[in-house]
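Chemist: Can you read through this structure? Questions will come right after.
The values are calculated or read from the model by the stated rules, or taken from the named source; none is laboratory data. On a predicted model such as this, the values are computed, not experimentally measured, just so you know. Here the Cβ positions follow ideal geometry from the backbone for every residue, glycine too, while neighbour counts run over all protein chains shown.
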Amino acid sequence: MQEVGRTIARLKGEGQSILLVEQNIKLALELADDVVVLNTGRVAFLGSVAQARADEASITLQLGVF
């Protein structure tokens, strides 16, 4: 998984746009600019990484982990 994270970070650094669908919230928050959390097919959270980190309770509620 570390190699995948490094590759995505490299592509992002090169200016590539990436849609990452990931269950590992820690990896996703390290790589993302914006976050969308889906719960049963509905948007449960939409915001920046900073907003997601500031609203840890909401993310934890939706994902059960942080």
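Chemist: Of the numbered conditions (1) of a type outside the set (D, E); (2) in a helix (DSSP H, G or I); (3) over 26 Å from G13 (Cα atoms), K26 satisfies every one except a single condition; which is it?
Modeler: So K26 meets the others, but not (3).
Chemist: Filter segment 15-33 down to residues that are surrounded by 14 or more Cβ atoms within 10 Å (Cβ to Cβ) and without any contact (Cβ under 8 Å) to a residue 12 or more places away in the chain and give me whichever is farthest from the chain's Cα centre (by Cα).
Modeler: Only one residue tops the list, namely E22.
Chemist: For G47, indicate whether it is at pLDDT 90 or above and either exposed (fewer than 10 other Cβ atoms within 10 Å of the Cβ) or assigned to a helix (DSSP H, G or I) (or both).
Modeler: Criteria not met by G47.
Chemist: Please indicate, with yes or no, whether at least one residue in segment 50-66 is hydroxyl-bearing (S, T, Y), in contact with a strand residue (DSSP E or B) (Cβ under 8 Å, 6 or more places away or on another chain) and surrounded by 14 or more Cβ atoms within 10 Å (Cβ to Cβ).
Modeler: Keep residues of segment 50-66 that are hydroxyl-bearing (S, T, Y), which gives 58, 60.
From the residues that got through so far, the ones that are in contact with a strand residue (DSSP E or B) (Cβ under 8 Å, 6 or more places away or on another chain) too are 58.
From what's left, surrounded by 14 or more Cβ atoms within 10 Å (Cβ to Cβ): 58.
The answer is yes; a qualifying residue exists.
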